[in-house]
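Since every read-out is calculated from the coordinates, none of them should be taken as a lab result. Model, not experiment: these values are computed from the prediction. Cβ placement follows ideal geometry from the backbone for every residue including glycine, while neighbour counts extend to all protein chains displayed.
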Amino acid sequence: MGKVSGLILAATLMLAPMAALADGLWNVSAMLHAKKWVDLTHPFDADIPHWKGFDPMTQKIIYDYDKDGFRAEMFCHVGQWGTHVDPPAHFHKGARTADKIPVTQMLLPLVVIDVHRQVTKDPDFVLTLKDVKAWETKHGAIPKGAFVAMRTDWSKRWPDQVAMQNVDAQGTAHYPGWTMEALKYLYEVRHITASGHETTDTDPGLATTKNDYSLENYILGSDHYQIELLANLDQVPETGALVSVTWPDVKGGTGFPARVFAILP
């Protein structure tokens, strides 16, 4: 074998594992694209449901096609706008900001705990440890590192702000939420990565009316992120799917609109 031939052979042998790896990932991509994908994100504009303390978004065209040959717009909105991420720093000074959450925490097993029938009967329903254990009795232990979403079908009220907040004549909001017992089990026993819901808050309306956000405070205070105002959870199975949770890499960001989608088994 000549020197040149030997070098070619050596280079081929070195590249072979890389090619095999690439082929393997490409095969995974092809397999995933053959599945059904479901967008779990609400499109947002200036007039969407949002937390009661936030002003509406503004949107202004600063360059346009006829005059400038292209269009560019200026958007002004709070970080917690539309379907969005709440990183730990949203509630806790010095905690992880949105840019510090690694991409490895953005593609996760998706667990959907379906309590929409209970919520239909009682808008003040809260998800308890009993509901989590019922899910596990049916499907097995919630996997470590999962993203757990609470399905309430509250997102079907979108984009009606009044219906989403569901405030009565006395000023009390009535919408579902989590319980501390369920969250502590999910995060401390099952060691999930993150959780999400369809309402504007982690805490139920009866609590937020009193400015009680202790459940959100717990999640973010334990160095986890959450997603609020999810959509289309009625199109996703309770187990077996993957979820992709992404957002812009805003340096020091304490929240931002997210793009969330599920890949079904």
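Computed from point charges on the beta carbon alone (+1 for Lys and Arg, -1 for Asp and Glu), the dipole magnitude for the chain about its Cα centre is near 880 Debye. In the chain, helical runs assigned H by DSSP with n ≥ 4 each contribute -39500 (n - 2.57); averaged across all residues and rounded to the nearest 500, the mean residue ellipticity at 222 nm is -8000 deg cm²/dmol.
Within the straight-line cut-off of under 17 Å between alpha carbons, the aspartates and glutamates reachable from K133 are D114, E181, E188, E238, sequence neighbours fewer than 8 places apart in one chain being disregarded. Taking a straight Cα-Cα cut-off under 16 Å and skipping sequence neighbours fewer than 8 places away in the same chain, the aspartates and glutamates within cross-link reach of K93 are E216, D223. Quickly work out the Y63-to-S29 label distance, labels modelled 7 Å from Cα along the C-beta direction, and quote it in nm with one decimal. Computed distance between label sites S29 and Y63 equals 3.0 nm. Summing charges over neighbours of G82, with a neighbour being any other residue whose Cβ is under 12 Å away from its Cβ, gives -2 when K and R count +1 and D and E count -1. Putting +1 on Lys and Arg Cβ atoms and -1 on Asp and Glu Cβ atoms, find which of Q161, F70, L32 reaches farthest to the positive end of the dipole of the chain. After comparing all options, I get L32.
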